[in-house]
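Coordinate-derived values only; no laboratory data. Here the structure is a predicted model, which means the values were calculated and not measured. Please note: Cβ atoms are built from the backbone with ideal geometry, for glycine as well, and neighbour counts cover all protein chains shown.
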Amino acid sequence: MAKQDELQELLSELYSIDKELYLIKGVAALLSWDKTVNLPPKAFSQRADQEALINVQAHELFTSKRVTALVNQLSQKKFYDKLSGIDKAKIDIYNWRLKKLLKVPKSHVEEYITATSIAHHAWEDARNKESFRYWFRN
């Protein structure tokens, strides 16, 4: 296979995964928005679980061996030098994000999203009641 064909195949696969990641993150954003607008109080725990699940899926996909391998291949000089400016920027961003995200276990993502989702509702409730005394302890 010619290098140009291989390059296009690698880019096509990365862009396909990139689209899936943006769709997953869009669902996560919608869940987050909905919790602040329409969510009944008894659904907070379930929404936290939903947000954790979708964010863990995004994390797993982004840090998958396939994405890592694609980014590593496209970062090689033989391919990188042939990329457009936009594609180079995308690879640079993927490298930067992978460097950080590969250090974060999925269990941490799940715990963090669940905790912050539940905490958001506690903060919203306190704001609505103008009750912040537990935030400012003497």
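Overview of results
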quantity	calculated
Contact order relative to length of the chain, as percent, for alpha carbon pairs under 8 angstrom and 6 or more apart	32 percent
Kirkwood Rh in Å, taken over segment 2-49 so that all alpha-carbon pairs contribute	13.2 Å
Estimated distance in nm for a label pair at ASN72 and ILE93, the labels positioned 7 Å out from Cα along Cα-to-Cβ	2.3 nm
Per-residue HN-Hα couplings for segment 98-106 [Karplus 6.51, -1.76, 1.60; θ = phi - 60°; Hz; x = Gly/Pro]	4, 4, 7, 5, 5, 8, 9, x, 4
Note, ³J(HN,Hα) from phi for segment 21-34, Karplus 6.51, -1.76, 1.60, rounded to Hz, x at Gly and Pro	4, 5, 5, 4, 5, x, 5, 4, 5, 5, 4, 5, 4, 4
Inter-probe distance in nm under a simple model that places probes 7 Å from Cα toward Cβ, at TYR15 and ARG127	4.0 nm
Reference-scaled alpha-carbon Rg (2.2 N^0.38 Å with N residues) for the chain	1.39
Largest to smallest principal axis extent of the C-alpha atoms in segment 51-107, angstrom	38, 18, 16
Calculated from backbone phi, Karplus (6.51, -1.76, 1.60) coupling profile of segment 45-55 in Hz, x at Gly/Pro	5, 5, 5, 4, 5, 5, 5, 4, 4, 5, 6
